[in-house]
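The block underneath contains the structure these notes are about, expressed in structure tokens.
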Amino acid sequence: MESIAKEIRIKTLECIASIGQGHIGGSLSIVDVLTVLYFKHMHVDPKKPYMMGRDRLVVSKGHAGPAVYATLCQKGYIPYDELLTLNRIHTKLPSHCDMNKTPGIDMTTGSLGQGLSCAVGMALASKLAKDGAYIYCIVGDGESQEGQIWEASMYAAQKKLSNLIVFLDNNGMQIDDYTKNINSLIDPAKKWESFGFYVQEIIGNSTIEIDSAIQKAKAQKDKPSMIILDTIKGKGISFIETVGVSNHSMPITKEQLDKALEELK
Amino acid sequence: MEFRQAMTKTLAKLMQEDEKICILDADLSKPNGTKPLYEQFPNRCFDIGIAEANMIGIAAGLSAYGYKPVAFTFAPFATRRVCDQIAVSVAYAKQNVKIVGTDPGITAELNGGTHMSFEDIAVVRSFPNMIVYDAVDDIQVSQAMKEIMKIDGPAYIRMPRKKAQPVFDEDYKFNLFKADIVEEGTDVTIIASGVMVAEAKKALELLKQDGIRAELISANFIKPLDEKTILESIKKTKHVVTCENHSLIGGLYSAVCELVCKECPQKVVGIGVKNRFGQVGSYAELLKEYEMTPQDIYYAAKESLK
């Protein structure tokens, strides 16, 4: 699993470097959860991206598109050459996830706060269809400043959506500053617990911990799950990690890419 | 019959035939008349609570899964409150979500300024992929809903809740994306939508007393506008008036002006709300307040003939 995550980190960086800049920090922070989802847990088939009854992922923090594309490429949805077309005019890979452009993307996201509601709708739909699918959703900690996240969380618990497993990318940063300096979640575990979720808080860049948390979440019978991923924004590349809040969207040169790939090896 | 009764009766029938149709409410299932559907189809009706943004997102998620959600709330909350949710999760994402905005414009009556949407059409009309329908009466809305539900894409249905002034009779046949020529005429074209079709019909009688034969067109769809029917009529009469229960900014008047500007530039006289907010009052009082009475339409037609 670790080696796949490494491959996906490389592809994420190559994807972003192909146009010289992009949402690096928040892409790298969720590579590990994407790896465990697509290579261990999700019932999906890259040859049939629209297969009925498949598990679905809504990346509500839609700006992490490059990490998702790298994962989809690693899984066989997207050819490698296509990965290097990020944000070029008429590309299938726009900066924010688009279900009508990219095979394997289950929901269009980017306007923060909306994706979790869509995931709740999918979880309700899956229960109606009785197809046994799991709906996964990744939300940002900064994104959780949006009120719609809490509207959706309330209703997910009200409807006992045990087939909904939500991840919080708790990397502590947003565009303007550290989240604690802007509008802090203070104690996200307590918040989602009080909203009626089964909550686990783990080291969010550990594939082993993520795997085990998903297994526990799947064992829930009448509660949606929140897995708080304590992550590092820009995880894996020291010069990106040390940039701090400015790594949300940053340039990356060919030399920096080479340096980063060297570090990952 | 009330609009809401006609709507619920139609949906009950459609839901029996199509198990993909779902109903969503935001704590207004009683006022909007959808409550009986919850007993008949308990699994497919969702009262999301007072959280309209969440309701639209959930509808988009249901649609992404192949369901056909119909989301109800008052017109201002169905549009301006959830503008970005409609733009991104529904229209841009090309989701099959039908949104019913009830009590548009002055039909909000005693709920007053906060609940009175004169801009709902303007908000949703500018989004690509959106269809905008303004219901005329109960007979029409029953037929229209059946047809609109066949469209695989988003639509905004604008409809009062209460009793309709009858415009169409039992022989009426609704055609998707078609305007109706309610009465033929030769002197001036009056294009009306929603409840204003009934008011314009009354104005026709006043005009007849002056020997003016107006052609009354019920636009039905503000988007897509039935350009063919409208242009044929304008080219025949050479004079045009629009009537809408909405602001003159962004609604029917704007849509007709955009068309006329392009195809046959000429003066268009608009009946509708002139850059003002709403307020409390009865339907009749508000019609007068915003200069939308049959008498006002009569004067507008005369002005267009000058």
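The values are calculated or read from the model by the stated rules, or taken from the named source; none is laboratory data. What you see is a predicted model, and the numbers here were worked out from it, not measured in a lab. For neighbour counting, all protein chains shown are included, and Cβ atoms are generated from backbone atoms with ideal geometry for every residue, glycine included. Note: accessible area is taken over every heavy atom of the protein model, side chains too, but ligands, DNA and RNA are not part of it. Shrake-Rupley method; radii C 1.70, N 1.55, O 1.52, S 1.80 Å.
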Using θ = phi - 60° and Karplus 6.51 cos²θ - 1.76 cosθ + 1.60, couplings along the stretch B:109-118 (whole Hz; Gly, Pro as x): 6, 6, 6, x, x, 5, 9, 9, 8, 9
Residues with amide H under 5 Å from that of residue B:240, placed H, sequence gap 5 or more: B:189, B:269
Mean-position separation - Cα centroids, the stretch B:208-237 and the stretch B:178-206, in angstrom: 7
1.4 Å probe, heavy atoms, protein only - residues of the stretch A:145-161 losing at least 10 Å² accessible area vs chain alone: A:148, A:151, A:155, A:159
Euclidean distance between Cα centres, the stretch A:229-258 to the stretch A:63-79, Å: 18
Förster-model FRET efficiency, 51 Å R0, residue B:205 and residue B:84, C-beta, rounded to 0.05: 0.70
Pairs beyond 25 Å (Cα-Cα), from B:35/B:288; B:68/B:228; A:101/A:159; B:235/B:288; A:6/A:254: B:35/B:288; B:68/B:228; A:101/A:159; B:235/B:288
Normalised per residue, the volume of the convex hull around the Cα set of the protein assembly as shown (Å³): 154
Sequence-distant residues sharing a close amide H with residue B:217 (under 5 Å, placed H): B:182, B:190, B:191, B:192
Spatial extent of the stretch A:2-264: Rg and Dmax, with the Cα atoms as the point set, Å: 17.0, 52
Linear extension gain, residue A:258 paired with residue A:6, 0.36 nm per residue minus alpha-carbon span: 89.3 nm
Cα-projected label distance for residue B:238 with residue B:35, points at 7 Å along beta-carbon direction, nm: 5.7
Spatial separation of Cα centroids for the stretch A:167-203 and the stretch A:89-126, in angstrom: 22
Computed lengthening from residue B:291 to residue B:151, 0.36 nm per intervening residue step minus Cα-Cα distance: 46.8 nm
Projected-area average for the stretch B:3-159 over all orientations - Cα convex hull basis, square nanometres: 7.9
Theoretical FRET efficiency, 1/(1+(r/R0)^6), r = Cβ-Cβ of residue B:183 and residue B:111, R0 45 Å, to 0.05: 0.85
Extension gain (nm, one decimal) between residue A:183 and residue A:249, 0.36 nm per residue minus Cα-Cα: 21.8 nm
Cβ-derived FRET efficiency at R0 41 Å, residue A:50 paired with residue B:1, nearest 0.05: 0.50
J(HN,Hα) series, the stretch A:111-121, from Karplus relation 6.51 cos²θ - 1.76 cosθ + 1.60, nearest Hz, glycine and proline x: 7, 4, x, 7, x, 5, 4, 4, 5, 4, x
Long-range amide H partners of residue A:21 with built H, under 5 Å: A:252
Estimated inter-spin distance, residue B:169 and residue A:221, nm [label 7 Å along Cα→Cβ]: 6.3
Cα-based shape type of the stretch B:164-290, given that a ≥ b ≥ c are square roots of the gyration tensor eigenvalues and the cut on a/c is 1.5: rounded
Estimated vicinal HN-Hα couplings, Hz - the stretch A:77-92 in sequence order (Karplus 6.51, -1.76, 1.60; Gly, Pro = x): 7, 10, x, 4, 4, 5, 4, 8, 10, 3, 6, 7, 4, 6, 5, 8
Solvent-accessible heavy-atom area per residue, rounded to whole Å², over chain B at 1.4 Å: 38
Accessible area buried between chains B and A, both sides summed, probe 1.4 Å, in Å² to nearest 100: 2200
